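K.L.:
A single structure is presented below for examination.
The values are calculated or read from the model by the stated rules, or taken from the named source; none is laboratory data. Keep in mind it's a predicted model, so treat the numbers as computed, not measured. Methodologically, a virtual Cβ is constructed for each residue, glycine included, from the backbone with ideal geometry; neighbour enumeration extends over all protein chains shown. For the accessible areas, the whole protein counts, side chains as well, though only heavy atoms, and no ligand, DNA or RNA atoms are used. Shrake-Rupley method; radii C 1.70, N 1.55, O 1.52, S 1.80 Å.
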Amino acid sequence: MKKIRLAQNKDDLHDSGSDDLLSRLPDDILVSILSYLPLKDAVVTSKLSRRWRYLWCQIIRLDFEEKERSTKLRIEAYRSNFAESNSLRFADRKNFINWVNHIILKHQSPTIDQFRICFNLGKNAKGAIGKWIDFAISKNVQTLELDLRDDDTKLGNYVFPDKIFDRKCGSSSKRPSFDVPIRPHATSMEIKFLKALILKHVDVNDECLNKILSNCPVLEHLSIHGSTELVKAKINGKGLALKNLEFGGSCSRLQSIRICDSNIVSLNCKASNSVGSPITLRLDNLQKLEKICISRGYSWKKINRMCCQISCCIPYLQVLELEFRRPTAAIRFLPFPELPKLKQLTMKVRVYDDRSLIALTFLVEACPNLQRLTIELMWYFWMKSVDRNREVWQVVEQPHQHLEVVEICGYYGLPNDLELAMYFMKNGVALKKLVIQPFNEIAKLGANEVMEAHGATYNARHQLKPIKPVGLELVIIESSIQHFTFPV
């Protein structure tokens, strides 16, 4: 293989005959720029001139994502019969694996910042994936992401190779399913440079999780989505560098998450198990924990129970995100702890009817120093029998002294969300901005309901503008591009 030829003199800098600003830049800056291009675009630059021929081989970000190929694979698999589908998948996966292998054989930088694989792969490609992980570790990778979304659930998830922590050198791996380049394994049981590990549709069991935490001394971000083997996750020890922890997707066997004596700053628990019951949270002595996200659409009683489980962190929490089904007025009788330091609250609420949403404000009242509130209303079916003439409830007086920004997503202009907007207009003593996003994008519309969605924008403008208090900025978002702002 030819070695990279770095520019040594003025002639090399202008071997393409151009005198543009880009050509005058030194190679290390050009490599940095190439590292932020899509990988295939970076490789194409090798055709520009002699100087550019091997520059891409030095890039420090290797992002292997084939969106078009993955989409095509899913569509063809859906349209084809079982035999044809398997044949298409095998061919496409082999092409993807060969592409990755070709790139890493050419790669010459001694280190990489990011190594990312995003493609439909499963157990049948474990040999290739294992070699890629070894390659990334040998390059002192800082961010490693495996997003192996596999539509064929019968094959099962790829299992993260925890044996890499058990060996000091050499390999005892079986021959892989496809030809892969031979690369040395890490020479130490510790992966000393890994700062972020993101595993999606990759199986990690309890023992493997413990090995990851024990042998990655500078790991700050860990994200596990869709693992079918994790049962009782345990994270403890102030010696860990871990700051951000995420569990998401369908973790079918996950029962509990226990975190104690840790320096974690953010916990995101959006995982669900196969039985649909809340995952038990056991938190203790987490004085740096400032942000918690619990998002799985449980009933208010279950959410309230989970919040009681995090009671030790309440004095430190500044950001809280919850997803739950529409609560009833009965929540006022459920014990809910006060959140004295909470500054930002997001509530994602599943709404099934047109009954009042004022009960949501009871949670807001538990946050005396709240500064920003976001309420996302998720309508899960079109309510054709709603009573648009239902009398709007009288808004109670409960001043919020520090609330500055309120955002309501999924506004329809029905009595229930109008009541909610009126409540904050009246009680937001320090309220500076009210943002209304009509009809949340995740709602499922039919062909005859599109006009109703446009009507939501009309309702927001004509209902709220006349009652807007003086000094309040009202922003009504019509789309991601166009929105209406009514000045103070």
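K.L.:
What do you reckon, is residue 132 at pLDDT 95 or above and in a helix (DSSP H, G or I)? Give the derivation first.
P.N.:
Values: at pLDDT 95 or above: yes; in a helix (DSSP H, G or I): yes.
Spelling it out, residue 132 is indeed at pLDDT 95 or above and in a helix (DSSP H, G or I).
K.L.:
Does residue 428 satisfy the condition of being under 30 Å from residue 340 (Cα atoms), surrounded by 19 or more Cβ atoms within 10 Å (Cβ to Cβ) and either more than 29 Å from the chain's Cα centre (by Cα) or modelled with pLDDT under 90 (or both)? Don't jump to the end; show me each part of the working.
P.N.:
On the way: under 30 Å from residue 340 (Cα atoms): yes; surrounded by 19 or more Cβ atoms within 10 Å (Cβ to Cβ): yes; either more than 29 Å from the chain's Cα centre (by Cα) or modelled with pLDDT under 90 (or both): yes.
Considered against the rule, which asks whether it is under 30 Å from residue 340 (Cα atoms), surrounded by 19 or more Cβ atoms within 10 Å (Cβ to Cβ) and either more than 29 Å from the chain's Cα centre (by Cα) or modelled with pLDDT under 90 (or both), residue 428 comes out as yes.
K.L.:
Looking only at strands (runs of 3 or more DSSP E) that fall completely inside the stretch 216-269, which ones have 1 or more residues that are over 26 Å from residue 113 (Cβ atoms) and modelled with pLDDT under 90? Outline the logic, then answer.
P.N.:
Details: elements: 221-225, 232-236, 244-250, 256-260.
The qualifying strands (runs of 3 or more DSSP E) are 244-250.
K.L.:
Still on this structure: Filter the stretch 32-46 for residues that are open to solvent by less than 30 Å² (accessible area, probe 1.4 Å), assigned to a helix (DSSP H, G or I) and closer than 15 Å to residue 63 by Cβ and give the result.
P.N.:
34, 39, 42
K.L.:
Cβ-Cβ under 8 Å, sequence separation 6+ or interchain: first residue in the stretch 225-238 and on the phi > 0 side of the Ramachandran plot, partner open to solvent by 50 Å² or more (accessible area, probe 1.4 Å) and not small (Gly, Ala, Ser). Which pairs?
P.N.:
Filtered contacts from the stretch 225-238: 226/200; 226/201; 237/261.
K.L.:
Right, something else. Please go through the stretch 314-350 and pick out each residue that is at pLDDT below 85, among the aliphatic types (A, V, I, L, M) and under 23 Å from residue 407 (Cβ atoms).
P.N.:
Matches in the stretch 314-350: 331 only.
K.L.:
If you don't mind, another one. Provide a single number: the residues in the stretch 96-126 that are among the β-branched types (Val, Ile, Thr) and either out of contact with any Leu (no Cβ under 9 Å at 6 or more places or on another chain) or at pLDDT below 90 (or both).
P.N.:
Residues in the stretch 96-126 being among the β-branched types (Val, Ile, Thr) and either out of contact with any Leu (no Cβ under 9 Å at 6 or more places or on another chain) or at pLDDT below 90 (or both): 1 in total.
K.L.:
Name the residues in the stretch 95-144 that are of a type in the set (Asp, Glu) and open to solvent by 20 Å² or more (accessible area, probe 1.4 Å), would you?
P.N.:
Initial filter on the stretch 95-144 (of a type in the set (Asp, Glu)): 113, 134.
Once the filter is applied, which keeps residues that are of a type in the set (Asp, Glu) and open to solvent by 20 Å² or more (accessible area, probe 1.4 Å), the stretch 95-144 yields only 113.
K.L.:
Given the residues 475, 405, 470, 488, which is the only one that is at pLDDT 85 or above, out of contact with any Lys or Arg (no Cβ under 8 Å at 6 or more places or on another chain) and within 30 Å of residue 341 (Cα to Cα)? Before the answer, list the steps.
P.N.:
Working: 475 fails: out of contact with any Lys or Arg (no Cβ under 8 Å at 6 or more places or on another chain); 405 fails: out of contact with any Lys or Arg (no Cβ under 8 Å at 6 or more places or on another chain); 488 fails: at pLDDT 85 or above.
None of the other options fit; the residue is 470.
K.L.:
Identify all residues within the stretch 240-265 that are within 17 Å of the chain's Cα centre (by Cα), within 24 Å of residue 193 (Cβ to Cβ) and open to solvent by 20 Å² or more (accessible area, probe 1.4 Å); write none if there are none.
P.N.:
Those that are within 17 Å of the chain's Cα centre (by Cα), within 24 Å of residue 193 (Cβ to Cβ) and open to solvent by 20 Å² or more (accessible area, probe 1.4 Å): 243, 244, 246, 265.
K.L.:
Are any residues in the stretch 44-65 modelled with pLDDT under 90 and among the β-branched types (Val, Ile, Thr), and if so, which ones?
P.N.:
Correct list: 44, 45.
K.L.:
Within the stretch 298-313, take every residue that is within 30 Å of residue 416 (Cα to Cα) and buried (at least 18 other Cβ atoms within 10 Å of the Cβ) and give me the one that is modelled with the lowest pLDDT. If you could, list the steps in order and put the result at the bottom.
P.N.:
So in the stretch 298-313, the residues within 30 Å of residue 416 (Cα to Cα) come out as 298-308.
When the remaining residues are screened for being buried (at least 18 other Cβ atoms within 10 Å of the Cβ), the result is 298, 300, 303-304, 306-307.
On the way: 298: 68, 300: 72, 303: 74, 304: 73, 306: 76, 307: 75.
Taking the candidates together, the pick is 298.
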